[in-house]
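What follows is a short report on a single structure.
The values are calculated or read from the model by the stated rules, or taken from the named source; none is laboratory data. Every value quoted in this text rests on a predicted model; they were computed, and no experiment measured them. Here the Cβ is made from the backbone with ideal geometry for all residues, glycine too, and neighbour counts use every protein chain on show.
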Amino acid sequence: MPDHLHWLFQLKECSLANVIKIFKSVTTVKINKLNGTTGKIWQQNYFEHQLRSEKDLINQARYIAANPLRTGIVKSVGQYPFWDCIYLN
């Protein structure tokens, strides 16, 4: 997505807050360097959803994979080059 990010992953030893902090820091430095800019790239907060069941996992995975379709970026999910979801089969 051009203006936001969806992730679906399982945390092991690191907290979600730490993963987000590191991701935002690394990508901000790289984007600013690439563009010759300085400053913030990401908003301060983030939204999280804790999966509580297999059904919830499947629903969230399908929502994420279909997001480019809903926003009109592509006409079919398979056209989006950055998707990969075993729950669409």
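Side notes on the structure shown:
- Among (1) at pLDDT 95 or above; (2) surrounded by fewer than 10 Cβ atoms within 10 Å (Cβ to Cβ); (3) of a type in the set (Ser, Thr, Tyr) - the single one SER15 does not satisfy: (1)
- Each residue in the stretch 31-48 was checked for being farther than 20 Å from CYS85 by Cβ and touching a residue at least 12 places away in the same chain (Cβ under 8 Å), and 4 of them qualify.
- In the stretch 42-73, residue modelled with the highest pLDDT [restricted to those that are among the β-branched types (Val, Ile, Thr) and surrounded by 14 or more Cβ atoms within 10 Å (Cβ to Cβ)]: ILE58
- Residue in the stretch 26-34 that is closer than 18 Å to HIS6 by Cβ, outside any loop (DSSP other than H, G, I, E, B), polar (S, T, N, Q) and modelled with pLDDT of 90 or more present: yes
- When LEU51, LEU11, LEU57, LEU5 are screened for being free of Cβ contacts under 8 Å to residues at least 60 places away in the same chain, in a helix (DSSP H, G or I) and aliphatic (A, V, I, L, M), only LEU57 passes.
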